[in-house]
1. Going residue by residue through the range A:82-90, is there one that turns out to be within 14 Å of chain B (Cβ to nearest Cβ), exposed (fewer than 14 other Cβ atoms within 10 Å of the Cβ) and modelled with pLDDT under 95?
2. From A:LEU173, A:LEU123, A:LEU169, grab the single residue that is facing chain B (nearest Cβ under 10 Å), crowded, with 24+ Cβ neighbours inside 10 Å and either aromatic (Phe, Trp, Tyr) or touching a Ser or Thr at 6+ places or on another chain (Cβ under 7 Å) (or both).
3. Looking at the range B:49-70, which of the residues that are over 17 Å from B:THR30 (Cβ atoms) and among the β-branched types (Val, Ile, Thr) is surrounded by the most Cβ atoms within 10 Å (Cβ to Cβ)?
4. Within the group B:GLU75, B:GLU48, which residue is closer than 27 Å to B:GLU158 by Cα, within 14 Å of chain A (Cβ to nearest Cβ), part of a helix (DSSP H, G or I) and not polar (S, T, N, Q)?
5. Any idea which residue in the range B:134-158 is farthest from A:PRO39 (Cα to Cα), counting only those that are more than 14 Å from every other protein chain (Cβ to nearest Cβ) and surrounded by fewer than 24 Cβ atoms within 10 Å (Cβ to Cβ)?
6. Please specify each residue of the range B:93-110 satisfying the condition of being free of Cβ contacts under 8 Å to residues at least 60 places away in the same chain, more than 14 Å from the chain's Cα centre (by Cα) and closer than 23 Å to B:LEU25 by Cβ.
7. Is at least one residue of the range B:166-187 in a loop (DSSP other than H, G, I, E, B), polar (S, T, N, Q) and closer than 23 Å to A:GLY90 by Cβ?
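The values are calculated or read from the model by the stated rules, or taken from the named source; none is laboratory data. Since the structure is predicted, the reported quantities are computational estimates derived from the model, not experimental observations. Backbone-built Cβ (ideal geometry, glycine too); neighbour counts: all protein chains shown.
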Number of protein chains: 2
Amino acid sequence: MAFKVIKENILRANDDVAQSIRKRLDAQGTLMINIISSPGAGKTAFLERTGPLLREEGIAFVVLTGDCFTSRDAERMDALGLPVVQINTGNACHIDAQLIDSAMKGIDLAGTDLIVVENVGNLVCPAEFDLGEDMKIAFLSTAEGHDKPSKYPLLIEEGKLAIINKTDLLPYLDFDAQYCRESIKKVNPGIKILEISCRTGDGIDGFIDWIKDEIKIKKEKNA
Amino acid sequence: MAFKVIKENILRANDDVAQSIRKRLDAQGTLMINIISSPGAGKTAFLERTGPLLREEGIAFVVLTGDCFTSRDAERMDALGLPVVQINTGNACHIDAQLIDSAMKGIDLAGTDLIVVENVGNLVCPAEFDLGEDMKIAFLSTAEGHDKPSKYPLLIEEGKLAIINKTDLLPYLDFDAQYCRESIKKVNPGIKILEISCRTGDGIDGFIDWIKDEIKIKKEKNA
(Lines give C-alpha, C1' and ligand atoms only; values in the text may rest on other atoms or scores of the structure.)
Protein backbone atom coordinates (compact mmCIF):
# COMPACT_ATOMS: atom_id res chain seq x y z
CA MET A 1 0.00 0.00 0.00
CA ALA A 2 2.79 2.42 0.96
CA PHE A 3 4.50 1.60 -2.32
CA LYS A 4 1.32 2.39 -4.24
CA VAL A 5 1.15 5.85 -2.64
CA ILE A 6 4.84 6.49 -3.36
CA LYS A 7 4.33 5.51 -6.99
CA GLU A 8 1.29 7.79 -7.29
CA ASN A 9 3.35 10.70 -5.94
CA ILE A 10 6.18 10.02 -8.38
CA LEU A 11 3.72 9.89 -11.27
CA ARG A 12 2.00 13.09 -10.09
CA ALA A 13 5.29 15.03 -9.98
CA ASN A 14 6.08 13.66 -13.42
CA ASP A 15 2.69 14.71 -14.79
CA ASP A 16 3.12 18.32 -13.65
CA VAL A 17 6.32 18.61 -15.69
CA ALA A 18 4.70 16.76 -18.61
CA GLN A 19 1.86 19.31 -18.67
CA SER A 20 4.34 22.17 -18.79
CA ILE A 21 6.17 20.50 -21.71
CA ARG A 22 2.87 19.93 -23.54
CA LYS A 23 1.94 23.61 -23.22
CA ARG A 24 5.27 24.72 -24.70
CA LEU A 25 4.97 22.25 -27.58
CA ASP A 26 1.41 23.31 -28.31
CA ALA A 27 2.35 27.00 -28.26
CA GLN A 28 4.81 26.38 -31.11
CA GLY A 29 2.89 23.64 -32.92
CA THR A 30 5.77 21.20 -32.43
CA LEU A 31 4.77 17.52 -32.57
CA MET A 32 6.40 15.14 -30.07
CA ILE A 33 6.24 11.37 -30.49
CA ASN A 34 7.45 8.85 -27.89
CA ILE A 35 8.65 5.54 -29.36
CA ILE A 36 8.56 2.60 -26.93
CA SER A 37 9.78 -0.95 -27.57
CA SER A 38 11.65 -3.95 -26.19
CA PRO A 39 15.43 -3.89 -26.38
CA GLY A 40 16.52 -4.67 -29.93
CA ALA A 41 13.16 -4.19 -31.68
CA GLY A 42 14.90 -1.78 -34.03
CA LYS A 43 14.09 1.78 -32.86
CA THR A 44 17.53 3.11 -33.78
CA ALA A 45 17.53 1.35 -37.16
CA PHE A 46 14.10 2.92 -37.70
CA LEU A 47 15.48 6.39 -37.01
CA GLU A 48 18.49 5.72 -39.25
CA ARG A 49 16.04 4.82 -42.05
CA THR A 50 13.49 7.58 -41.52
CA GLY A 51 15.81 10.45 -40.42
CA PRO A 52 17.31 11.12 -43.86
CA LEU A 53 13.85 10.89 -45.47
CA LEU A 54 12.38 13.37 -42.97
CA ARG A 55 15.26 15.71 -43.79
CA GLU A 56 14.60 15.37 -47.54
CA GLU A 57 10.99 16.32 -46.86
CA GLY A 58 12.19 19.53 -45.23
CA ILE A 59 10.98 18.50 -41.76
CA ALA A 60 13.00 20.09 -38.94
CA PHE A 61 13.36 17.42 -36.24
CA VAL A 62 15.42 16.44 -33.23
CA VAL A 63 15.81 12.98 -31.68
CA LEU A 64 16.03 12.64 -27.90
CA THR A 65 17.49 9.19 -27.41
CA GLY A 66 17.34 7.38 -24.08
CA ASP A 67 19.70 4.68 -22.93
CA CYS A 68 20.69 3.41 -19.50
CA PHE A 69 24.43 3.91 -19.89
CA THR A 70 25.88 4.08 -23.38
CA SER A 71 25.63 6.68 -26.14
CA ARG A 72 25.76 4.07 -28.93
CA ASP A 73 22.37 4.97 -30.41
CA ALA A 74 23.16 8.68 -30.42
CA GLU A 75 26.51 7.93 -32.11
CA ARG A 76 24.77 5.89 -34.81
CA MET A 77 22.44 8.80 -35.59
CA ASP A 78 25.18 11.39 -35.28
CA ALA A 79 27.18 9.43 -37.89
CA LEU A 80 24.33 10.12 -40.32
CA GLY A 81 24.30 13.82 -39.42
CA LEU A 82 20.93 13.48 -37.66
CA PRO A 83 20.30 15.99 -34.84
CA VAL A 84 20.29 14.02 -31.60
CA VAL A 85 20.41 14.65 -27.83
CA GLN A 86 21.55 11.78 -25.57
CA ILE A 87 19.61 11.05 -22.36
CA ASN A 88 21.25 8.58 -19.96
CA THR A 89 18.96 7.14 -17.31
CA GLY A 90 21.53 5.08 -15.35
CA ASN A 91 19.78 2.05 -13.92
CA ALA A 92 16.38 3.71 -14.39
CA CYS A 93 14.17 1.79 -16.76
CA HIS A 94 12.32 4.67 -18.41
CA ILE A 95 12.62 8.33 -19.40
CA ASP A 96 10.61 10.67 -17.19
CA ALA A 97 9.30 14.15 -17.98
CA GLN A 98 12.05 15.84 -15.96
CA LEU A 99 14.70 14.27 -18.22
CA ILE A 100 12.82 15.46 -21.33
CA ASP A 101 12.51 18.93 -19.81
CA SER A 102 16.30 19.13 -19.37
CA ALA A 103 17.03 17.69 -22.82
CA MET A 104 14.72 20.28 -24.43
CA LYS A 105 16.61 23.26 -23.02
CA GLY A 106 18.87 23.60 -26.06
CA ILE A 107 16.09 23.14 -28.63
CA ASP A 108 14.52 26.09 -30.49
CA LEU A 109 10.90 24.91 -30.54
CA ALA A 110 9.79 27.64 -32.95
CA GLY A 111 12.13 26.17 -35.56
CA THR A 112 11.31 22.51 -34.81
CA ASP A 113 8.48 20.58 -36.47
CA LEU A 114 9.04 17.26 -34.74
CA ILE A 115 10.69 15.87 -31.60
CA VAL A 116 11.19 12.12 -31.55
CA VAL A 117 11.76 10.49 -28.16
CA GLU A 118 13.51 7.12 -28.48
CA ASN A 119 12.72 5.62 -25.08
CA VAL A 120 14.78 3.08 -23.11
CA GLY A 121 14.27 -0.49 -24.37
CA ASN A 122 11.45 -1.71 -22.11
CA LEU A 123 7.80 -2.55 -22.83
CA VAL A 124 6.53 -2.09 -19.28
CA CYS A 125 7.73 0.97 -17.35
CA PRO A 126 7.94 3.69 -20.06
CA ALA A 127 4.25 3.21 -20.92
CA GLU A 128 3.30 4.61 -17.51
CA PHE A 129 5.10 7.95 -17.89
CA ASP A 130 3.55 10.94 -19.64
CA LEU A 131 6.39 12.97 -21.19
CA GLY A 132 4.14 15.72 -22.55
CA GLU A 133 4.24 13.96 -25.93
CA ASP A 134 1.41 14.13 -28.48
CA MET A 135 1.40 10.37 -28.82
CA LYS A 136 3.11 7.15 -27.85
CA ILE A 137 4.14 4.71 -30.57
CA ALA A 138 4.21 1.00 -29.71
CA PHE A 139 7.16 -0.38 -31.66
CA LEU A 140 7.10 -4.19 -31.91
CA SER A 141 9.17 -6.71 -33.81
CA THR A 142 8.11 -9.94 -35.50
CA ALA A 143 11.01 -11.74 -33.78
CA GLU A 144 9.38 -11.10 -30.38
CA GLY A 145 6.36 -13.21 -31.27
CA HIS A 146 2.72 -12.40 -32.00
CA ASP A 147 1.58 -12.64 -28.36
CA LYS A 148 3.22 -9.43 -27.12
CA PRO A 149 0.21 -7.08 -27.59
CA SER A 150 -1.89 -9.16 -25.17
CA LYS A 151 1.03 -9.60 -22.76
CA TYR A 152 1.93 -5.88 -22.62
CA PRO A 153 -1.49 -4.23 -23.12
CA LEU A 154 -0.78 -0.89 -21.40
CA LEU A 155 1.50 0.30 -24.19
CA ILE A 156 -0.99 -0.71 -26.88
CA GLU A 157 -3.79 0.98 -24.92
CA GLU A 158 -1.75 4.19 -24.68
CA GLY A 159 -0.47 4.12 -28.26
CA LYS A 160 -1.83 5.96 -31.32
CA LEU A 161 0.30 3.94 -33.74
CA ALA A 162 1.66 0.41 -33.54
CA ILE A 163 4.62 -0.40 -35.76
CA ILE A 164 5.53 -4.04 -36.43
CA ASN A 165 9.16 -4.12 -37.56
CA LYS A 166 11.32 -6.90 -39.07
CA THR A 167 8.75 -8.16 -41.59
CA ASP A 168 11.79 -9.40 -43.57
CA LEU A 169 12.17 -12.18 -40.97
CA LEU A 170 8.61 -13.50 -41.44
CA PRO A 171 9.63 -16.48 -43.63
CA TYR A 172 11.88 -17.74 -40.81
CA LEU A 173 9.53 -17.25 -37.84
CA ASP A 174 6.33 -18.78 -36.49
CA PHE A 175 4.77 -15.32 -36.39
CA ASP A 176 1.01 -15.08 -36.96
CA ALA A 177 0.64 -11.54 -38.34
CA GLN A 178 -3.15 -11.66 -38.43
CA TYR A 179 -3.32 -12.80 -34.80
CA CYS A 180 -0.93 -10.01 -33.82
CA ARG A 181 -2.99 -7.35 -35.63
CA GLU A 182 -6.23 -8.64 -34.11
CA SER A 183 -4.70 -8.65 -30.60
CA ILE A 184 -3.63 -5.04 -31.06
CA LYS A 185 -7.10 -3.96 -32.25
CA LYS A 186 -8.75 -5.89 -29.43
CA VAL A 187 -6.85 -3.83 -26.83
CA ASN A 188 -7.17 -0.56 -28.77
CA PRO A 189 -9.61 -0.52 -31.73
CA GLY A 190 -8.59 3.04 -32.72
CA ILE A 191 -4.87 2.41 -33.07
CA LYS A 192 -3.24 2.53 -36.52
CA ILE A 193 -0.94 -0.37 -37.48
CA LEU A 194 2.04 -0.17 -39.85
CA GLU A 195 4.15 -3.17 -40.85
CA ILE A 196 7.70 -2.33 -41.87
CA SER A 197 11.20 -3.66 -42.37
CA CYS A 198 14.02 -1.29 -41.44
CA ARG A 199 16.39 -3.74 -43.12
CA THR A 200 14.76 -3.69 -46.58
CA GLY A 201 12.91 -0.37 -46.28
CA ASP A 202 9.51 -1.99 -46.86
CA GLY A 203 6.64 0.07 -45.47
CA ILE A 204 8.82 3.04 -44.46
CA ASP A 205 7.03 5.34 -46.93
CA GLY A 206 3.78 4.66 -45.11
CA PHE A 207 5.29 6.03 -41.92
CA ILE A 208 6.65 9.14 -43.65
CA ASP A 209 3.22 9.91 -45.14
CA TRP A 210 1.57 9.37 -41.75
CA ILE A 211 3.98 11.58 -39.80
CA LYS A 212 3.76 14.37 -42.40
CA ASP A 213 -0.01 14.39 -41.89
CA GLU A 214 0.36 14.42 -38.11
CA ILE A 215 2.82 17.33 -38.24
CA LYS A 216 0.39 19.25 -40.47
CA ILE A 217 -2.56 18.56 -38.17
CA LYS A 218 -0.59 19.74 -35.14
CA LYS A 219 0.49 22.94 -36.87
CA GLU A 220 -3.05 23.75 -38.00
CA LYS A 221 -4.50 23.02 -34.57
CA ASN A 222 -2.10 25.42 -32.90
CA ALA A 223 -1.90 28.11 -35.62
CA MET B 1 17.49 12.17 -3.69
CA ALA B 2 14.25 11.23 -1.94
CA PHE B 3 13.58 8.73 -4.70
CA LYS B 4 17.02 7.16 -4.19
CA VAL B 5 16.28 6.63 -0.47
CA ILE B 6 12.85 5.16 -1.26
CA LYS B 7 14.41 2.79 -3.76
CA GLU B 8 17.06 1.71 -1.25
CA ASN B 9 14.34 0.96 1.30
CA ILE B 10 12.36 -1.08 -1.21
CA LEU B 11 15.47 -3.06 -2.14
CA ARG B 12 16.37 -3.59 1.54
CA ALA B 13 12.91 -5.00 2.36
CA ASN B 14 13.24 -7.23 -0.72
CA ASP B 15 16.68 -8.45 0.33
CA ASP B 16 15.46 -9.54 3.78
CA VAL B 17 12.90 -11.83 2.17
CA ALA B 18 15.46 -13.00 -0.40
CA GLN B 19 17.83 -14.04 2.40
CA SER B 20 15.09 -16.05 4.07
CA ILE B 21 14.31 -17.81 0.76
CA ARG B 22 18.02 -18.54 0.20
CA LYS B 23 18.32 -20.15 3.66
CA ARG B 24 15.36 -22.45 2.98
CA LEU B 25 16.72 -23.44 -0.44
CA ASP B 26 20.18 -24.12 0.99
CA ALA B 27 18.76 -26.21 3.82
CA GLN B 28 17.20 -28.57 1.25
CA GLY B 29 19.91 -28.33 -1.42
CA THR B 30 17.36 -27.00 -3.93
CA LEU B 31 18.86 -24.97 -6.79
CA MET B 32 17.00 -21.83 -7.92
CA ILE B 33 17.78 -20.10 -11.21
CA ASN B 34 16.31 -16.76 -12.31
CA ILE B 35 16.00 -16.33 -16.08
CA ILE B 36 15.87 -12.71 -17.26
CA SER B 37 15.37 -11.48 -20.83
CA SER B 38 13.65 -8.96 -23.09
CA PRO B 39 10.07 -9.68 -24.12
CA GLY B 40 10.06 -12.32 -26.81
CA ALA B 41 13.64 -13.56 -26.45
CA GLY B 42 12.24 -17.07 -26.06
CA LYS B 43 12.23 -17.92 -22.34
CA THR B 44 8.99 -19.90 -22.57
CA ALA B 45 10.09 -21.73 -25.73
CA PHE B 46 13.29 -22.56 -23.82
CA LEU B 47 11.31 -24.08 -20.95
CA GLU B 48 9.11 -25.99 -23.40
CA ARG B 49 12.29 -27.45 -24.93
CA THR B 50 14.21 -28.17 -21.73
CA GLY B 51 11.32 -29.14 -19.41
CA PRO B 52 10.65 -32.57 -20.95
CA LEU B 53 14.41 -33.29 -21.07
CA LEU B 54 14.83 -32.38 -17.39
CA ARG B 55 11.96 -34.73 -16.60
CA GLU B 56 13.61 -37.55 -18.60
CA GLU B 57 16.76 -36.99 -16.54
CA GLY B 58 14.73 -37.55 -13.37
CA ILE B 59 15.15 -33.98 -12.17
CA ALA B 60 12.28 -32.80 -9.97
CA PHE B 61 11.61 -29.18 -10.91
CA VAL B 62 8.99 -26.43 -10.73
CA VAL B 63 8.71 -23.33 -12.92
CA LEU B 64 7.57 -20.04 -11.36
CA THR B 65 6.54 -17.96 -14.33
CA GLY B 66 6.07 -14.21 -14.13
CA ASP B 67 3.92 -12.11 -16.39
CA CYS B 68 2.26 -8.72 -15.97
CA PHE B 69 -1.29 -9.84 -16.72
CA THR B 70 -1.80 -13.03 -18.71
CA SER B 71 -1.22 -16.68 -17.88
CA ARG B 72 -0.26 -17.59 -21.46
CA ASP B 73 3.24 -18.81 -20.60
CA ALA B 74 1.96 -20.96 -17.73
CA GLU B 75 -0.70 -22.41 -20.04
CA ARG B 76 1.94 -23.30 -22.65
CA MET B 77 3.95 -25.20 -20.03
CA ASP B 78 0.89 -26.74 -18.45
CA ALA B 79 -0.06 -28.09 -21.88
CA LEU B 80 3.19 -30.09 -21.80
CA GLY B 81 2.47 -31.35 -18.28
CA LEU B 82 5.28 -29.25 -16.80
CA PRO B 83 4.79 -28.20 -13.16
CA VAL B 84 4.25 -24.45 -13.15
CA VAL B 85 3.08 -21.71 -10.78
CA GLN B 86 1.81 -18.43 -12.31
CA ILE B 87 2.92 -15.11 -10.81
CA ASN B 88 1.12 -12.00 -12.08
CA THR B 89 2.83 -8.70 -11.34
CA GLY B 90 0.15 -6.33 -12.74
CA ASN B 91 1.90 -3.24 -14.07
CA ALA B 92 5.03 -4.05 -12.06
CA CYS B 93 8.01 -4.66 -14.26
CA HIS B 94 9.80 -7.32 -12.24
CA ILE B 95 9.26 -10.18 -9.78
CA ASP B 96 10.29 -9.34 -6.23
CA ALA B 97 11.26 -11.71 -3.42
CA GLN B 98 7.86 -11.36 -1.71
CA LEU B 99 6.14 -12.75 -4.82
CA ILE B 100 8.55 -15.69 -4.91
CA ASP B 101 7.99 -16.30 -1.20
CA SER B 102 4.22 -16.58 -1.78
CA ALA B 103 4.61 -18.74 -4.89
CA MET B 104 6.87 -21.16 -2.96
CA LYS B 105 4.27 -21.89 -0.27
CA GLY B 106 2.86 -24.90 -2.11
CA ILE B 107 6.24 -26.38 -3.07
CA ASP B 108 7.81 -29.29 -1.17
CA LEU B 109 11.46 -28.18 -1.23
CA ALA B 110 12.75 -31.49 0.10
CA GLY B 111 11.38 -33.19 -3.01
CA THR B 112 12.48 -30.47 -5.47
CA ASP B 113 15.89 -30.38 -7.18
CA LEU B 114 15.37 -27.22 -9.18
CA ILE B 115 13.18 -24.11 -9.17
CA VAL B 116 13.22 -22.09 -12.39
CA VAL B 117 12.02 -18.48 -12.19
CA GLU B 118 10.90 -17.14 -15.57
CA ASN B 119 11.00 -13.42 -14.90
CA VAL B 120 8.89 -10.68 -16.53
CA GLY B 121 10.20 -9.70 -19.99
CA ASN B 122 12.48 -6.77 -19.15
CA LEU B 123 16.27 -6.40 -19.27
CA VAL B 124 16.50 -3.54 -16.78
CA CYS B 125 14.44 -3.80 -13.59
CA PRO B 126 14.55 -7.54 -12.76
CA ALA B 127 18.36 -7.46 -12.64
CA GLU B 128 18.20 -5.28 -9.52
CA PHE B 129 16.11 -7.66 -7.42
CA ASP B 130 17.62 -10.52 -5.43
CA LEU B 131 15.03 -13.31 -5.25
CA GLY B 132 17.13 -15.61 -3.09
CA GLU B 133 18.16 -17.46 -6.27
CA ASP B 134 21.49 -19.26 -6.68
CA MET B 135 22.11 -17.49 -9.97
CA LYS B 136 20.68 -15.18 -12.57
CA ILE B 137 20.74 -16.25 -16.22
CA ALA B 138 20.97 -13.52 -18.87
CA PHE B 139 18.85 -14.79 -21.74
CA LEU B 140 19.50 -12.91 -25.00
CA SER B 141 18.36 -13.40 -28.57
CA THR B 142 20.27 -12.86 -31.81
CA ALA B 143 17.31 -10.89 -33.18
CA GLU B 144 17.90 -8.19 -30.53
CA GLY B 145 21.32 -7.34 -31.94
CA HIS B 146 24.87 -7.88 -30.70
CA ASP B 147 25.06 -4.59 -28.79
CA LYS B 148 22.71 -5.54 -25.93
CA PRO B 149 25.39 -6.79 -23.46
CA SER B 150 27.06 -3.37 -23.41
CA LYS B 151 23.72 -1.54 -23.32
CA TYR B 152 22.30 -3.59 -20.41
CA PRO B 153 25.46 -4.42 -18.43
CA LEU B 154 23.88 -4.92 -14.99
CA LEU B 155 22.25 -8.20 -15.98
CA ILE B 156 25.47 -9.51 -17.55
CA GLU B 157 27.40 -8.43 -14.44
CA GLU B 158 24.93 -10.26 -12.19
CA GLY B 159 24.65 -13.37 -14.37
CA LYS B 160 26.46 -16.67 -14.03
CA LEU B 161 25.33 -17.90 -17.46
CA ALA B 162 24.48 -16.00 -20.64
CA ILE B 163 22.33 -17.80 -23.17
CA ILE B 164 22.15 -16.50 -26.74
CA ASN B 165 18.98 -17.90 -28.31
CA LYS B 166 17.68 -17.93 -31.91
CA THR B 167 20.95 -18.96 -33.57
CA ASP B 168 18.73 -20.35 -36.38
CA LEU B 169 18.10 -16.74 -37.46
CA LEU B 170 21.83 -15.91 -37.88
CA PRO B 171 21.83 -16.21 -41.70
CA TYR B 172 19.12 -13.54 -41.89
CA LEU B 173 20.52 -11.02 -39.40
CA ASP B 174 23.46 -8.61 -39.17
CA PHE B 175 24.44 -10.20 -35.86
CA ASP B 176 28.14 -10.27 -34.99
CA ALA B 177 28.37 -13.29 -32.66
CA GLN B 178 32.03 -12.77 -31.82
CA TYR B 179 31.41 -9.13 -30.92
CA CYS B 180 28.49 -10.19 -28.72
CA ARG B 181 30.55 -12.84 -26.91
CA GLU B 182 33.43 -10.41 -26.38
CA SER B 183 31.07 -7.73 -25.01
CA ILE B 184 29.67 -10.23 -22.53
CA LYS B 185 33.13 -11.32 -21.36
CA LYS B 186 34.25 -7.68 -21.12
CA VAL B 187 31.47 -6.95 -18.60
CA ASN B 188 31.83 -10.29 -16.78
CA PRO B 189 34.91 -12.40 -17.60
CA GLY B 190 33.72 -15.30 -15.41
CA ILE B 191 30.31 -15.78 -17.07
CA LYS B 192 29.61 -18.92 -19.11
CA ILE B 193 28.09 -18.46 -22.59
CA LEU B 194 25.82 -20.94 -24.36
CA GLU B 195 24.48 -20.43 -27.89
CA ILE B 196 21.22 -22.22 -28.64
CA SER B 197 18.18 -22.41 -30.86
CA CYS B 198 14.93 -23.34 -29.16
CA ARG B 199 13.43 -23.72 -32.63
CA THR B 200 15.87 -26.37 -33.92
CA GLY B 201 17.09 -27.68 -30.55
CA ASP B 202 20.72 -26.78 -31.30
CA GLY B 203 22.82 -26.35 -28.16
CA ILE B 204 20.06 -27.46 -25.76
CA ASP B 205 22.07 -30.50 -24.65
CA GLY B 206 24.83 -28.17 -23.47
CA PHE B 207 22.36 -26.50 -21.11
CA ILE B 208 21.08 -29.82 -19.76
CA ASP B 209 24.64 -30.98 -19.00
CA TRP B 210 25.41 -27.65 -17.32
CA ILE B 211 22.30 -27.59 -15.14
CA LYS B 212 22.79 -31.23 -14.07
CA ASP B 213 26.27 -30.27 -12.83
CA GLU B 214 24.92 -27.22 -11.01
CA ILE B 215 22.21 -29.27 -9.29
CA LYS B 216 24.84 -31.82 -8.22
CA ILE B 217 27.16 -29.11 -6.88
CA LYS B 218 24.34 -27.53 -4.90
CA LYS B 219 23.29 -30.85 -3.38
CA GLU B 220 26.86 -31.73 -2.38
CA LYS B 221 27.49 -28.29 -0.89
CA ASN B 222 24.42 -28.56 1.31
CA ALA B 223 24.57 -32.28 2.13
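1. yes
2. A:LEU123
3. If we take residues in the range B:49-70 being over 17 Å from B:THR30 (Cβ atoms) and among the β-branched types (Val, Ile, Thr), then B:THR65 is surrounded by the most Cβ atoms within 10 Å (Cβ to Cβ).
4. The conditions single out B:GLU48.
5. B:ASP134
6. Within the range B:93-110, B:LEU99, B:SER102, B:ALA103, B:LYS105, B:GLY106, B:ILE107, B:ASP108 meet the criteria.
7. The answer is no; no qualifying residue exists.
Residues are listed down the side, and each one gets a yes or a no for (1) touching a Ser or Thr at 6+ places or on another chain (Cβ under 7 Å); (2) part of a strand (DSSP E or B); (3) away from chain A (no Cβ under 14 Å); (4) not acidic (Asp, Glu):
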| position | (1), (2), (3), (4) |
| --- | --- |
| B:ILE33 | no, yes, yes, yes |
| B:LEU54 | no, no, yes, yes |
| B:GLY66 | yes, yes, no, yes |
| B:PHE69 | no, no, no, yes |
